[in-house]
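Reading through the structure tokens given below for one structure.
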Amino acid sequence: MPENSTTSRVLRLLSLLQTRRSWPGGELARRVGVSPRTIRRDIDRLRELGYRIEAERGSIGGYRLEAGSDLPPLLFTDDEAVALALGLRAGAADGAVRGMAELTVSVLAKLEQVLPSAVRSRVRATQAAIVAPGPVHSDDAADPETFATLALACRDSEVIRFDYAAADGAQTARRVESVALVPIGRRWYLLAWDSARDDWRTFRLDRITRPTRTHLIVERRAVPSADAASYVAERFATSAVPRLSATVRIDAPHDEVEGYLGAYTNGLTPDGPEHTRWRISDDRVEILMGALTWLIWPFTVIEGAELQRFVGEFGERLRSDPPAS
């Protein structure tokens, strides 16, 4: 049999072993389309590659893919495995790809079959601790080891210690009861009960350093809202004020602009029969500029000096000649 056919068959066998806890030898042979003797040889090939496959005794016999002491030849690091689980869950949640939710279940099941127990625990903690999975595009990325440590603490309702940098750069040592990891906007936050301050607190993950588990498990406190995600969102709605805001005059009627923007119509108001005003705000001028690129009509930034300058500079770059090669 040609080598490429053998390789394809072994990969097919590995795929089957990853989808179910245990397979009878005869069933594997039928699924792959070879004899039981060939299955035994292919199992030996997979073992040589580092996969731990146990042979089960009994009247029908069978094989089981065990979690290894090391990650298999996919060559994922521990942090990559956790990041993969997080990315799969987030990708399924945003609904951007048809059928992604079903594929995610299959891929995560295969992943967990071959992970060492410590890494598998981190992956499950990641899934359990994310209370509002969804698209999060963070410019201030959290360290994956920090993320995994906090996820485990949230899952177990464990007290955890860490150093925290405030917005002004001041460093404090915190000791809190972990509750949940919540994505808001482009960042991840830890919701926790701070007993020293006798109040709920949210902490940006990218500002947390040296998280240390205490292994002190406490009774989980009831969040004063429907759930952790709702509570954090409510707190941001009342306390967070974007640094930048601007008003744009769009050369199109209000109804037409509203129909085009769909869900992004906050801040739209009519400006006569042929124009619309759009009030936009964010922490970064690049995000405001990105919102303007959606528009299909001419527009003028009539308020917001920083956005006006950025739009002008962006236009100059578009009009400039390309650099000589």
Here are the criteria: (1) more than 34 Å from the chain's Cα centre (by Cα); (2) surrounded by fewer than 17 Cβ atoms within 10 Å (Cβ to Cβ). Tell me which single one Arg284 does not satisfy. (1)
Residue list for the stretch 163-187, filter: closer than 20 Å to Arg122 by Cβ and either in a loop (DSSP other than H, G, I, E, B) or out of contact with any strand residue (DSSP E or B) (no Cβ under 6 Å at 6 or more places or on another chain) (or both): Pro183
Of all residues in the stretch 287-307 being more than 30 Å from the chain's Cα centre (by Cα) and of a type in the set (Val, Ile, Thr), which is modelled with the lowest pLDDT? Ile296
Criterion first (without any contact (Cβ under 8 Å) to a residue 60 or more places away in the chain and over 30 Å from Ile280 (Cβ atoms)) does Arg221 satisfy it? yes
So for the stretch 219-226 (the condition being outside any loop (DSSP other than H, G, I, E, B) and either of a type in the set (D, E, K, R) or at pLDDT 80 or above (or both)), does at least one residue qualify? no
Under 8 Å between Cβ atoms, which residue pairs at least 6 apart in sequence (or on different chains) link something in the stretch 299-318 that is without any contact (Cβ under 8 Å) to a residue 24 or more places away in the chain with a partner that is open to solvent by less than 60 Å² (accessible area, probe 1.4 Å) and not β-branched (Val, Ile, Thr)? Val311/Met289; Val311/Leu292
When you check Phe310 against the structure, is it in a helix (DSSP H, G or I), of a type in the set (Phe, Trp, Tyr) and modelled with pLDDT of 85 or more, yes or no? yes
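If only one of Leu216, Leu191 is under 13 Å from Ser157 (Cβ atoms) and open to solvent by 40 Å² or more (accessible area, probe 1.4 Å), which one is it?
Values: Leu191 fails: open to solvent by 40 Å² or more (accessible area, probe 1.4 Å).
After ruling out the rest, the residue left standing is Leu216.
Condition (residue is within 30 Å of Tyr164 (Cα to Cα) and open to solvent by less than 80 Å² (accessible area, probe 1.4 Å)) applied to the stretch 256-277: is it met by at least one residue? Quick ask: steps written out before the conclusion?
Pass one, the stretch 256-277, residues within 30 Å of Tyr164 (Cα to Cα): none.
No, every residue in the stretch 256-277 fails to be within 30 Å of Tyr164 (Cα to Cα) and open to solvent by less than 80 Å² (accessible area, probe 1.4 Å).
The values are calculated or read from the model by the stated rules, or taken from the named source; none is laboratory data. Model, not experiment: these values are computed from the prediction. Ideal geometry is used to build each Cβ from the backbone, glycine not excepted, and the neighbour counts take in all protein chains shown. Calculation scope for accessible area: heavy atoms of the full protein, side chains included, ligands and nucleic acids excluded. Shrake-Rupley method; radii C 1.70, N 1.55, O 1.52, S 1.80 Å.
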